[in-house]
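Okay, structure first, notes after.
The values are calculated or read from the model by the stated rules, or taken from the named source; none is laboratory data. This structure is a prediction, so every number in the text was calculated from the model and none was measured. Neighbour counts are summed over all protein chains in view; Cβ atoms, including those assigned to glycine, are modelled from backbone coordinates with ideal geometry. Remember, those area values only see protein heavy atoms, side chains included, never the ligands or the DNA or RNA. Shrake-Rupley method; radii C 1.70, N 1.55, O 1.52, S 1.80 Å.
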Amino acid sequence: MAKPASRVKSAEYRNYINGKWTSPESNKYIENRNPADTREIIGRFPASSPQDVDAAVNAASEAFSKWRRVPAPRRAEILFRAGEILIKRKSEFARDMTREMGKVFKEASGDVQEAIDMTFFVAGEGRRLHGFTTKAELPNKFAMCTREPIGVCALITPWNFPMAIPSWKIMPALVCGNTVVIKPAEDTPLSTYNLAAACEEAGVPAGVINIVSGHGEEAGAALATHPGVRLVSFTGSTDVGRTVSQSAARSGKICSLEMGGKNVVMIMEDADLELALEGVLWGAFGTSGQRCTAASRVVVHKKIAKKFTAMLAERAGKLRLGNGLSDKSDVGPVINQDAVDKILGYIQIGQNEDGAKILCGGHRAEKGDLKWGYYIEPTVFADVKPRMRIAQEEIFGPVVSLIECRDLDHAIEIANGVKYGLSASLYTRDVNRAFQAMDNMFTGIFYVNASTIGAEVHLPFGGTKATGNGHREGGTQVLDIFSEWKAIYVDYSGKLQRAQID
Ligand code: UN1
């Protein structure tokens, strides 16, 4: 699509370094346009260079020496204030988010709400951050463990949850006493700016949070490899995640990764089919299928496959595409032209695969005002076989594949037969089968009688296999990413005592 002229005069944003809004050294900017209507420019954001990254990391290193000594409950008080500010500005921030990334306003409000939840949850940890004491093996000796901050954390975040995911990283990093440099996705810097502005207003000191916006290959790579960074936390595609983890390994950085998914809803013959239908529609087409937890496979028991397939095609075909700011829209646009190309490419692959049939959707939607945006019709494929590419690879768009199974064991075998392991769900009324699936699914998240999306912040979030590298965000488990243990021994015997010897 030719670049359309802008309808609005765009604001110019700056990086946030050492508490100051700073122009990028190169003076280059990236235009952020509304994916629902590409005539609208949201703003121009710095295309940061390695020099900008260097300045941000230096500011974060400098700030670390003070911030780590602020008592954790005091750090948390600032975060509680940030949470209050987010509550006050929730609808303004959600509106900005819908404009910059397309998801419908209700879901954008949920994204801001997730950031609020995370902020309050983790701020509560300021008065816990529990360590432990244990018994020493020698007399008159005391042993304990405490959580310690790590240093400067590099945070690289995606566009699909542009406030929630930055909050999953920034808030626990800060409460543990670290300082951060965040590089938001080039498509959604504004929501990260809004989050940082709330933190600034709440009193987070200069240098504790720094933002450098820009391209992954330039700003992101410079950040992930910077010698002043001790930890890299990345959420995004599996390919980029691999590169991040290789460069982190070369320079000995701690690295936490959250990558792709190929999530599944399994529906047994005894399930409440209306409930399962609502779950599949929500899981597959919410956020236009652009969640790492999105339901992109539905494994249906053969006894009800025909009936459920018809129910799904009928309802999916009725979903209304449109600008997320209108309450008449059920599904917004996808993020950009590359996403359109990739998703349409998979729809083509699906059609070429032997036997798979499209029941509804399958095209870019360009009627009326939709032509100004990146809209793809909600698409349902039936008769999909487990080994087909559309049943194996992450599409990250409004496309769902129906696969038939014989029984629960067969469903689990299909469900586990992908390289990812983020989220899975089972619809059944049989408690025994629910527990069997809980035991046997190799995923980090599992739902019974609910869809694959909708994780809550106080439970661990993350996946097995190619989805991650063993870490969990959310829950108190996230503290294990952003702190290191220190074992402390106090010998009060007044004499030399030799462990393992005396
Ligand atoms: C993501 O898609 O990267 O569970 C995060 C959910 C949301 C988070 C999704 N709470 O769907």
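Per residue, the solvent-accessible area of segment 263-448 (1.4 Å probe, heavy atoms of protein chains only, all protein chains present) comes to 42 Å².
Based only on the alpha carbon positions, what is the Kirkwood hydrodynamic radius of segment 109-200, in angstrom?
On the way: mean 1/r = 0.0674 Å⁻¹.
Final number for the Kirkwood radius of segment 109-200 is 14.8 Å.
Heavy-atom surface analysis with a 1.4 Å probe gives segment 263-448 a carbon and sulfur content of 50 percent of its accessible area. Using θ = phi - 60° in the Karplus curve 6.51 cos²θ - 1.76 cosθ + 1.60, the 3J(HN,Hα) couplings for segment 186-195 round to 5, 7, 9, x, 4, 5, 6, 4, 4, 5 Hz; x is entered for Gly and Pro. Taking each residue as 0.36 nm, the span from residue 27 to residue 342 lengthens on full extension beyond its C-alpha to C-alpha distance by 110.2 nm. A protection proxy built from the mean count of other Cβ atoms within 10 Å ranks the segments 158-168, 435-445, 381-391, most packed first, as 158-168, 381-391, 435-445.
Residue order by solvent-accessible surface for 267, 156 is 156, 267, largest first, with ligands and nucleic acids left out and a 1.4 Å probe. Tell me, what does the Kirkwood hydrodynamic radius of segment 37-186 come to in angstroms if you use every pair of distinct C-alpha atoms? After inverting the pairwise mean of 1/r, the radius is 17.5 Å.
Here residue 278 sits with roughly 90 square angstrom of accessible surface, probe radius 1.4 Å. Over the residues of the chain, the helix contribution to mean residue ellipticity at 222 nm works out to -11000 deg cm²/dmol, using -39500 (n - 2.57) for each DSSP H run of at least 4.
In summary, the lysines within cross-link reach of residue 495, defined as a Cα separation below 24 angstrom excluding same-chain residues under 8 places away, comprise 135, 141, 486.
With the simple model of a label 7 Å out from the Cα in the direction of the Cβ, residue 310 to residue 431 spans 3.4 nm. Excluding ligands, DNA and RNA, the accessible surface per residue across segment 1-145 is 50 Å² with a 1.4 Å probe.
Of 374, 16, which has the most accessible area and how do the rest follow, probe 1.4 Å?
Details: 374 35, 16 10 Å².
I get 374, 16, largest accessible area first.
Cα centroid separation, segment 90-167 to segment 427-490: 16 Å. Protection proxy ranking, highest mean first, for peptides 485-493, 20-28, 335-343: 335-343, 20-28, 485-493, where packing is the per-residue count of other beta-carbon atoms within 10 Å, averaged. Spacing of the modelled spin labels on residue 88 and residue 215, each 7 Å from Cα toward Cβ, amounts to 3.9 nm.
Residue separation times 0.36 nm, minus the C-alpha to C-alpha distance between residue 270 and residue 439: what's the value? Display every interim value, and only then the final one.
Values: separation 169, 0.36 × 169 = 60.84 nm, distance 1.98 nm.
The residue 270-residue 439 span can extend by a further 58.9 nm.
Would you please give the FRET efficiency between residue 369 and residue 487, computed as 1/(1 + (r/R0)^6) with r the Cβ-Cβ distance and R0 = 56 Å, to the nearest 0.05?
Values: r = 62 Å, r/R0 = 1.10.
Efficiency at R0 = 56 Å is approximately 0.35.
Using bins of 5 Å that start at zero, the share of Cα-Cα pairs per bin across segment 263-448 amounts to 1, 9, 19, 22, 20, 15, 9, 4, 2, 0, 0, in whole %. Computed over the chain, relative contact order equals 18 percent, with contacts defined as Cα pairs under 8 Å that lie 6+ residues apart. Of the whole protein surface, residue 92 contributes about 80 Å² of accessible area at a 1.4 Å probe radius.
In the chain, the DSSP beta bridges split such that about 45 percent are antiparallel, to the nearest 5. Here's the list of lysines a cross-link from residue 303 could span, going by alpha-carbon distance under 20 Å and ignoring same-chain residues fewer than 8 apart: 357, 385.
Considering segment 38-97 at the alpha-carbon level, its Rg and Dmax are found to be 16.9, 48 Å.
Accessible surface comparison of 364, 315, probe 1.4 Å, protein chains only, largest first: the order is 315, 364.
The Cα trace of the chain gives Rg and Dmax of 23.9, 85 Å, the first to one decimal, the second as a whole number.
Can you pull the Rg over Rh of segment 397-488, Cα-only, Kirkwood? Could you put the intermediate results ahead of the total?
On the way: Rg = 15.6 Å, Rh = 14.8 Å.
On the Cα set of segment 397-488, Rg over Rh gives 1.05.
Ignoring lysines fewer than eight residues from residue 103 along the same chain, the ones with Cα atoms less than 24 angstrom from its Cα are 3, 9, 88, 90, 169, 183, 262, 318, 328, 342, 367, 371.
At what distance in nm do the modelled label points of residue 11 and residue 249 sit from each other, each positioned 7 Å from its Cα along Cα→Cβ? Reported label-point gap for residue 11 and residue 249 is 4.2 nm.
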